[in-house]
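Q: Before I ask anything, let me first share the structure, which is written out below as structure tokens.
The values are calculated or read from the model by the stated rules, or taken from the named source; none is laboratory data. Quantities reported herein were computed from a predicted structural model and do not represent experimental measurements. Positions of Cβ are backbone-derived with ideal geometry, glycine not excepted, and every protein chain shown enters the neighbour counts.
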Amino acid sequence: MLVITADDYGKNHQATDNILQCYRDDRITSASAMVFMVDSERAASSASGIDLEIGLHMNYTLPFTARNTPSKLREQQNRLVSYLTKHRLSLVLYNPFLTDAFNFVFFSQMEEFLRLYSRFPDFYNGHNHLHLCANMLASDRLPKGARLRRTYTFERGEKGGFNRLYRRILNFYISRRFISTTTFFSIDPVQNYERLKKIITRADKEDVEIGVHPENDEEKGFLLGDQFLALIKSVPRGPFLSLPAR
């Protein structure tokens, strides 16, 4: 099965409108929503009454742009930005001194999602994939059995040995604790047709997620084009909620 997830729903007007257009044209199965952003309120209202699967796109580093963003939330996020963007090892090392900040930023976003959508997220992922940093995965913030995006899938030779080993360990942990697809890829670069064809063909035998960003005009054009439609029409598609519980 192929899951096509559009990220950044509610980030701004363009992201929201382009995602909705892709949904109406049956080019995506799911969207991950950002809260405390300039278009979060309108995005939630637009999603009411339609059958679009909505997850939470956790945000730890991109500045919140909504006027109703609490000052304490901005302060705690700034603490996380200073740590998470300082060094690449910040993603794999647990920092016990930031436990309260992670708790506040995560649960503030969860509460806002509940306020906007009147339900829990259908699945979870994160801006810049920071939902998979050590401070998130080593906690109990995400409920066991939740549907969660795994880390990128790379073939042999695409990344170094240590990088692939780390991702293999990370995905093993995710598969034991959460519900996820078998593999995850970015649609970018959209110009590489043969790569996308190989990725989408895998959906005949395994559960594949493709992450897309229709806010980007090039990606939007490709998603709505005949070439992409020809690629996806022959494989089964479905949302995260169609993934079997493990």
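Q: Of these, Phe123, Phe113, which one is under 14 Å from the mean Cα position of the chain (by Cα) and under 19 Å from Ala6 (Cα atoms)? Don't jump to the end; show me each part of the working.
A: Numbers: Phe113 fails: under 14 Å from the mean Cα position of the chain (by Cα).
None of the other options fit; the residue is Phe123.
Q: Could you give me the residue pairs with C-beta distances under 8 Å whose first residue belongs to the stretch 85-105 and is in contact (Cβ under 8 Å) with a residue 12 or more places away in the chain and within 20 Å of Leu62 (Cα to Cα), whose second residue is assigned to a helix (DSSP H, G or I) and of a type in the set (D, E, K, R) wherever it lies, and which are 6+ apart or on separate chains?
A: Hits for this filter: Leu98/Arg79; Ala101/Arg79; Phe104/Lys72.
Q: Which of (1) without any contact (Cβ under 8 Å) to a residue 60 or more places away in the chain; (2) closer than 30 Å to Asn12 by Cα; (3) within 18 Å of the chain's Cα centre (by Cα) is the odd one out, the single condition Phe222 does not satisfy?
A: Among (1) without any contact (Cβ under 8 Å) to a residue 60 or more places away in the chain; (2) closer than 30 Å to Asn12 by Cα; (3) within 18 Å of the chain's Cα centre (by Cα), the lone unmet condition for Phe222 is (3).
Q: Among the residues that make up the stretch 20-42, is at least one of them part of a strand (DSSP E or B), in contact with a strand residue (DSSP E or B) (Cβ under 8 Å, 6 or more places away or on another chain) and at positive phi? First the steps, then the outcome.
A: So the first thing to find is which residues in the stretch 20-42 are part of a strand (DSSP E or B), and the list is 30-33.
Imposing the further condition that a residue be in contact with a strand residue (DSSP E or B) (Cβ under 8 Å, 6 or more places away or on another chain) reduces the set to 30-33.
In the following step, the residues that additionally are at positive phi were identified as none.
No, every residue in the stretch 20-42 fails to be part of a strand (DSSP E or B), in contact with a strand residue (DSSP E or B) (Cβ under 8 Å, 6 or more places away or on another chain) and at positive phi.
Q: Suppose we filter Arg164, Arg237, Arg202 for residues that are charged (D, E, K, R) and either in contact with a Cys (Cβ under 8 Å, 6 or more places away or on another chain) or modelled with pLDDT under 95 (or both); which single one remains? Outline the logic, then answer.
A: Numbers: Arg237 fails: either in contact with a Cys (Cβ under 8 Å, 6 or more places away or on another chain) or modelled with pLDDT under 95 (or both); Arg202 fails: either in contact with a Cys (Cβ under 8 Å, 6 or more places away or on another chain) or modelled with pLDDT under 95 (or both).
Result: Arg164 is the single residue among Arg164, Arg237, Arg202 that is charged (D, E, K, R) and either in contact with a Cys (Cβ under 8 Å, 6 or more places away or on another chain) or modelled with pLDDT under 95 (or both).
Q: Among (1) in contact (Cβ under 8 Å) with a residue 40 or more places away in the chain; (2) within 16 Å of Asn125 (Cβ to Cβ); (3) surrounded by 19 or more Cβ atoms within 10 Å (Cβ to Cβ), which single condition is Ser175 missing?
A: Among (1) in contact (Cβ under 8 Å) with a residue 40 or more places away in the chain; (2) within 16 Å of Asn125 (Cβ to Cβ); (3) surrounded by 19 or more Cβ atoms within 10 Å (Cβ to Cβ), Ser175 violates only (3).
Q: Against the definition (of a type in the set (Val, Ile, Thr) and in contact (Cβ under 8 Å) with a residue 40 or more places away in the chain), how does Thr61 come out, yes or no? Steps first, please.
A: On the way: of a type in the set (Val, Ile, Thr): yes; in contact (Cβ under 8 Å) with a residue 40 or more places away in the chain: yes.
Considered against the rule, which asks whether it is of a type in the set (Val, Ile, Thr) and in contact (Cβ under 8 Å) with a residue 40 or more places away in the chain, Thr61 comes out as yes.
Q: Restricting attention to the stretch 83-126, and to residues there that are assigned to a helix (DSSP H, G or I) and charged (D, E, K, R), which single residue is surrounded by the fewest Cβ atoms within 10 Å (Cβ to Cβ)?
A: In the first step, residues of the stretch 83-126 are kept if they are assigned to a helix (DSSP H, G or I); the result is 83-84, 88-91, 96-117.
Remaining after also requiring charged (D, E, K, R): 88, 100, 111-112, 115.
Values: Arg88: 9, Asp100: 11, Glu111: 11, Glu112: 23, Arg115: 11.
Selected residue: Arg88.
Q: Also, quick follow-up: Output yes when any residue across the stretch 52-71 is in a helix (DSSP H, G or I), out of contact with any strand residue (DSSP E or B) (no Cβ under 7 Å at 6 or more places or on another chain) and surrounded by fewer than 12 Cβ atoms within 10 Å (Cβ to Cβ), and no when none is. Working first, answer last.
A: Step one: filter the stretch 52-71 for residues in a helix (DSSP H, G or I), giving 71.
Filter once more, so that each one left must be out of contact with any strand residue (DSSP E or B) (no Cβ under 7 Å at 6 or more places or on another chain): 71.
Of the ones still in play, those that are also surrounded by fewer than 12 Cβ atoms within 10 Å (Cβ to Cβ) are 71.
Yes; the residues of the stretch 52-71 include at least one that is in a helix (DSSP H, G or I), out of contact with any strand residue (DSSP E or B) (no Cβ under 7 Å at 6 or more places or on another chain) and surrounded by fewer than 12 Cβ atoms within 10 Å (Cβ to Cβ).
Q: Count, please, the residues in the stretch 1-19 that happen to be under 19 Å from Ser108 (Cβ atoms) and assigned to a strand (DSSP E or B).
A: 2
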